[in-house]
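J.: Handing you this structure, nothing more for now.
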Amino acid sequence: MAHLFDVHPNQIATWKAQFLEGAAGVSGGDAWGAESAPAVGLKALHAKIEKLRLKKDFLSGALSRAGLFNAKR
């Protein structure tokens, strides 16, 4: 692999060792696959999605009735 990128094999081994030492920090948790608490509450996200869905439905219905929008559902 090292010859493909014109890098000494020892450099590849060093990079691999550094990655494996710091791999837990890459995922943001203490270990690979560990789930962390979401930054935003799931309930708040669901509420926002529902609010946006209602707005979309209302606007598409209003525009369809006005003949300005032909919604294909």
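The values are calculated or read from the model by the stated rules, or taken from the named source; none is laboratory data. Remember, predicted model here, so these are calculated numbers, not experimental data. When we count neighbours, we look across all protein chains shown, and the Cβ atoms used for this are built from the backbone with ideal geometry, even at glycine.
J.: Looking at segment 1-19, which of its residues are among the aliphatic types (A, V, I, L, M) and assigned to a loop (DSSP other than H, G, I, E, B)?
T.: Matches in segment 1-19: M1, V7.
J.: Here are some conditions: (1) surrounded by 10 or more Cβ atoms within 10 Å (Cβ to Cβ); (2) at pLDDT 85 or above; (3) out of contact with any helix residue (DSSP H, G or I) (no Cβ under 9 Å at 6 or more places or on another chain). I12 meets all but one. Which one does it not meet?
T.: All conditions pass for I12, except number (3).
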